[in-house]
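Please read the structure below before turning to the comments.
Since every read-out is calculated from the coordinates, none of them should be taken as a lab result. The shown structure was predicted, so the numbers you read here are calculated from the model rather than taken from an experiment. Backbone-built Cβ (ideal geometry, glycine too); neighbour counts: all protein chains shown.
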Amino acid sequence: MSRDERYDVVIIGGGPNGMTTAAYLSKCGLSVCVLEERVECGGACETVEPIPGVRIYPHAMLMYASPAPGFEQLELHKYGFRMVWNPEDMMRSLTAGNTTTQGVTRITEKDAMGFAKLGGLLGQPPFTRELMRATFWCPPHPPEVEVTDENTPYMQVYKKYQPDVCTPELRDWTMFELMDEFCESEPFKVTMAFAAWASGAAGHWEGVAIPALLSVQLLILPNTGKLSIPRGGLHGYFHAIHRCAVAHGAVVRTACPVEEIIVQDGRAMGVRLRETAAIGGRKIWANKAVIAAVDYKQTFLKMIGREHLDPSFIQKVKDISLKNGTLYVSTYHTRKPIQWNKKFKAMQESETGVAGPAKVASGGVYPSDSRELYYENVADCDARKSLPTLPPEKLMWFLTPSQAFNPTDCQGRYREGYISAAFEVNVPVPEYQIEGIDAQDKEKAKLDAYMRKAFSQALDGLEDENIIHLWSATGREVEFRNTGLIGGTWCGSRHCRDQSWTRRPMPELARYRTPIEGLYTCHQTTGHPGGLCLMAIPYNLMHILIEDSIAEPGKWWYPSPYYIPQKEKVSAIPR
Amino acid sequence: MTTDDIFGHMFQEFPENSEWDVVIIGAGPNGLMAAAYLAKAGLKVALVERRYEIGGGLATEEILYPCYSSNPHVIYHMMVDYMPVIKDFNLDGPSLLWIKPNAQTAMVFEDGKSLLLTQMIEDTKDSISKFSFKDAVNFGKVMRSWRRIVDEIVAPATYVPTMTPIEMSMALQKTKVGQEMLELIEQSPLDIINNTFENDRVRALMLYASCMWGLDPRETGIGFFVPLLLDRGMNKCYCYGGSHKFASAMGREIIKAGGLILEHAEVSKIIMQNRRAVGVELAEGRTLRSKVVMSTLDPHTTFLDLVGAQHMDKDFKALIDGWKYDKWSFYTLHVASEEPPRYKCDDPWINDAFMTIFGIESTEQLLAHWDNVVAGKIGANFGGHATCETLHDPHLSDKPSKHISFFQMHAPYEIQGGWEKKAKEMEEAVLAKWQKAAPNMKRENIIMTVHETPVDIETRFPNMRRGGIKHGDYKPIQLGSFRPNQECSSTKTPIEGLYVCGASTYPGGLVLGGPGYLGANKVAEDLGVKKWWKTTPEMDRYIKTYLT
Ligand SMILES: Cc1cc2nc3c(=O)[nH]c(=O)nc-3n(C[C@H](O)[C@H](O)[C@H](O)COP(=O)(O)OP(=O)(O)OC[C@H]3O[C@@H](n4cnc5c(N)ncnc54)[C@H](O)[C@@H]3O)c2cc1C
Ligand SMILES: Cc1cc2nc3c(=O)[nH]c(=O)nc-3n(C[C@H](O)[C@H](O)[C@H](O)COP(=O)(O)OP(=O)(O)OC[C@H]3O[C@@H](n4cnc5c(N)ncnc54)[C@H](O)[C@@H]3O)c2cc1C
């Protein structure tokens, strides 16, 4: 008797993208198996409790997914999906202002109005949702279709609701150019640009102005204007997706790393597990499709034999650029709370601290003085690719928004000391790091000290005596923890124009198909829209799997209104 | 106009109020089992869990952050051979893999000598022969009879409703094995060990192995635990991929059967109506109404905090008030290291052992250490057991070729000086002792450490009060039909609609698969649903021999 197993679809990787795809496909009635390398599914969407009562989110912590069709199509509410609503709304947090070396600067009315207009706040209610969905929840157009202003989904939405935004240059602009047009104060623009850089689509990249801006807006606007998160953090939301998949019959196997994608005559037939896998080095066969919900490097450079791919394709895979830094995340455990210093009194006063006894500093980009400063930071990380050369006063950092309204927050129940919000700093992707791939690891103590100095420019409480513990992870540690997070980055490959939409991460892969028949990709590094736990790649992929007659969803399915079917394929639009 | 009006809610959430057949409080091994059986029986089941992850004691978490996962609670699975849940849900095969090393429990001594308890009797006898030929022979003999006691009586009885002590002794009179067991019950663990073995080191190992889960070595009336814990201690399994995998596997069975699991759902109240339990209220405000509420929490939480004393009569409340927590808890030091510990001793096989005890040189020292712990102290004479998890499971380390181990010892909940101060001191003391036993466990080899004190255990699980790993002490008046008390040991409580089936209910703590299974049986009977599962052959034999 063969020990091997057989399913309709085999999914490699149990991160948010793999699991959401499992939920969609099992809901279509297909037999699905998810194979996950780690002891727990979730990928970069997880929670850990390193000391009792204190939870930290090593990666994803903020909810960007609200407009996703997946909530409705997968009925996540049936599987326990709940939110924790932030009692404070965006308007209030916006008024706190931006943090510069000179102190807090006000956000002007023009800033706020420009931001609101671009996010669809000035139109009728469905505007925001349609805009977001058009930008992120629509598969790239097929290769035979030339992308124009007329058929670019977000352009169509602006045309409908806010036509004055549409200009011939809009699709070519950088986010800075866009904001120069619609907003006013420099610190506001720099803050947004930096937030975008840390969201994988930087303020200075050509031709991604709208997706970059909207990736920041996704955070706030669709969550009914509140920076709210799922109960249990993003891993709680992941649980609902996971359970939806299992409820529809998906088989999920943890501690089962995939070693090889078995290809015969140019077709993916199944996978082979590593010998250490929890069910041994078996083969798992796929009747219809193998879906690689892991990074493109493993998929094409490790799991598939070289003989199955041509050298020009392999060259392109090797050339996919990760150059947008990786996020070095630090979380502090302190005796007294970390708070904004005197210069930033206004910030400190706007802290809520609903759940905790004291107001711990949160939510800010520092220093946001000028785009020159921003460029210096970009150059340090993406151009010099060295350990930081800027003096700590110039290092730009992002302090994540407060989650103190949330009883599941790290600070929620802890009996002693205070847990900071997470600090994020862009550092080079380890494999580009000129001092060597392990330079950050070797210099971790120095890096931590350097960053602490940088944070201390605006915050009190980072002195030695006040710190009980620091949790931080270098890019390489992140990559070790989760092999899919190549370079430790949160989107894997740069969301620049050359690697986005119909070119993400390269034209041959843009519609989630691959040169291997029956093999599809579904990972943040390999497909539009890229990083974030959006349920977007799986939704977009569904269109393609319907086109290829693999998935036949029921009445619950609806495609993107901006989707264009590929010639000679089954259309994903229900008849 | 509020922002809500501008955007509208974009998605639906789990409802504020919902209706169920059964709501189960706590997703530890017992809650998971109860939910899995009942959901598959067709009942509408909701399992609600306070933490962010299901599993209770079945946890595998990255407490050595970043990159190293450990099993902070359950690691030794002792009842895999008997638990009905394994067969009923097919949890031995592709969905779960159990590893049962032959080298089970080692004890190493300062002079480099060692003892090894193995799954296979003759290997243990060989090891004991280094110290006493007579003990080796005796070991073979008693294990022959003790294994029968376990196999025929104690193990199957774990999954059969309890009897009163009188019924029990009448039943046991029926067979020779039963009579042997009755004789044991009357003795203390220390007496049993001392009467069986002559060599002090052999005695020390046997005493440690039989009492490590919280037996008082000098207490009479609990002697039957000695065969059980010794035999099961020689048959410990490791759950490949981490203990949490066991929880996930059961969780998936619940979901597949249409059940619901809610995490981050702390029950703040059991809703009472007309003297009946009719559902639960969560701290976040949601309510889940149900025909039956099953609690896997300790008696104080269930009855005093969640139901409320006003719903109980005086006598019953007195029983609850009288509940006593475990006499000791655990202090554990988790370590990530470059190399696995290599013990300095006469038997290289020790390095493969699942559990290695060190720091204990004699029974006298062991007893003195335990006396200290009970008195709230830890002296220089402490000892404990260690396991290198990555020897059995490479998945726990994200970094290739690094290792994860822990050292665990008995420790008081309230310690002189307080845990906050003591924990760090203990870390130094443990590492010094570990290095003595395994010279490569020096600071240069160690990448990271993290400790878990009894107070930490309680912080993670408030139902493990005072760090009580079994939700309550093992002593004659808290065992068998007295666990948690005579009114509740069948899992049904005097409160209509409320059942208890956690570690504080018969048969007790550890991952036995007992309370949750018995709770599910009782609820299925009371709600009149058909049981889709059958008793195991061992249970059938036991029932036929002793209960009919
Ligand atoms: C620091 C940081 C902060 C972030 N913050 C946010 C945020 O606030 N909000 C948000 O929405 N997103 C955030 N993200 C991004 C988000 O976490 C990722 O985009 C998302 O997790 C990507 O999902 P995925 O399924 O594509 O890949 P992954 O999450 O990488 O999942 C891939 C899975 O595949 C498994 N795997 C890898 N190799 C194998 C193999 N050989 N065999 C089997 N399994 C394998 C991995 O273990 C993993 O579980 C953040 C990311 C980072 C790094
Ligand atoms: C350090 C340590 C090591 C151990 N090692 C082993 C071992 O190796 N082998 C072994 O067999 N046993 C071991 N144990 C014991 C074992 O963990 C327990 O006996 C077992 O987990 C009890 O199972 P349970 O389902 O009854 O309760 P638990 O596992 O305690 O589960 C109860 C659940 O209820 C939840 N809960 C608490 N309050 C609420 C509330 N108000 N609302 C909702 N949910 C709530 C908790 O979060 C928890 O998940 C160990 C325990 C500890 C602490």
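Legend: ranking of residues B:D191, A:D409 from fewest to most surrounding C-beta atoms inside 10 Å; resulting order B:D191, A:D409. A Förster radius of 56 Å, combined with the Cβ-Cβ distance separating B:V374 from A:D164, puts the computed FRET efficiency at roughly 0.10. Per-residue ellipticity at 222 nm for the protein assembly as shown, helices alone: DSSP H runs ≥ 4 residues times -39500 (n - 2.57), over residue total, nearest 500 deg cm²/dmol? Only helices count here, giving -8500 deg cm²/dmol.
For segment B:133-152 versus segment A:487-502, the spacing of their alpha-carbon centroids is 65 Å. Please give me, ordered by residue number, the trypsin sites (Lys or Arg not before Pro) of segment A:401-494 that lie in loop per DSSP and have at most 12 other Cβ atoms within 10 Å. Those satisfying the criteria are A:R415. Normalised by 2.2 N^0.38 Å, where N is the number of residues, the alpha-carbon radius of gyration of the protein assembly as shown equals 0.95. With a Förster radius of 30 Å applied to the beta-carbon distance between B:R276 and B:K531, the computed FRET efficiency rounds to 0.80. Anisotropy class assigned to segment B:20-165 is oblate, per the alpha carbon gyration tensor with a/c at or over the 1.5 cut-off and a/b no larger than b/c.
Look at the dipole of segment A:325-488 built from charges on Cβ: of A:A445, A:S402, A:V378, the Cα furthest out on the positive end belongs to A:S402. Rounded to whole numbers, the Karplus 3J(HN,Hα) couplings from phi for segment B:464-481 are 8, 4, 6, x, x, 6, 10, 6, x, 5, 9, 8, x, 7, 10, 10, x, 6 Hz, using 6.51 cos²θ - 1.76 cosθ + 1.60 with θ = phi - 60°, and x at Gly and Pro. Counting only residues at least eight positions apart within a chain, or on another chain, the aspartates and glutamates with an alpha carbon under 13 Å from that of A:K117 are A:E109, A:D164, A:E181. Between B:A106 and B:L117, B:M355, B:T356, B:I357, the built amide H atoms are under 5 Å apart, and every one of these is 5 or more places off in sequence or on another chain. Between B:K424 and B:M120, residue separation times 0.36 nm minus the direct Cα-Cα distance comes to 105.5 nm.
Axis angle, to the nearest 10 degrees, between helix B:176-185 and the longest C-alpha principal axis of chain B: 90 degrees.
In sequence order, segment A:562-574 has phi-based couplings of 9, 5, 10, x, 7, 4, 6, 10, 5, 7, 7, 8, x Hz under the Karplus curve 6.51 cos²θ - 1.76 cosθ + 1.60, θ = phi - 60°, and Gly or Pro positions carry x. Anything over 27 Å Cα to Cα? Flag those among A:K323/A:K444; B:K176/B:K324; A:K110/A:K345; A:K343/A:K394; B:K44/B:K324, in the order listed. From the list (A:K323/A:K444; B:K176/B:K324; A:K110/A:K345; A:K343/A:K394; B:K44/B:K324), the Cα-Cα distance tops 27 Å for B:K176/B:K324; B:K44/B:K324.
For B:I271, nonlocal amide neighbours, meaning residues 5 or more places apart or on other chains whose placed amide H falls under 5 Å from its own, are B:V278, B:G279, B:V280, B:E281. For the residue pairs B:K130/B:K470; B:K87/B:K125; A:K446/B:K421, alpha carbon separations beyond 30 Å are given by B:K130/B:K470; B:K87/B:K125.
The mean sequence distance of close C-alpha pairs (under 8 Å, at least 6 residues apart), as a share of the length of chain A, puts its relative contact order at 22 percent. Extents of segment A:325-488, taken as max minus min of Cα coordinates on every principal axis and listed largest first, are 44, 35, 28 Å. Each Cα pair under 8 Å and six or more residues apart adds its separation to the average, and for segment A:21-83 the resulting relative contact order is 22 percent. Pairs of Cα atoms nearer than 8 Å and 6+ residues apart set the relative contact order; for segment A:325-488 it is 37 percent. Phi angles across segment B:335-341 convert, under the Karplus curve 6.51 cos²θ - 1.76 cosθ + 1.60 with θ = phi - 60°, into 3J(HN,Hα) values of 9, 9, 9, 6, 10, x, x Hz, Gly and Pro given as x. Given axes a ≥ b ≥ c from the Cα gyration tensor, I'd like to know whether segment B:275-419 is rounded (a/c under 1.5), prolate (a/b larger than b/c) or oblate. Oblate, because a/c is 1.5 or more while a/b does not exceed b/c.
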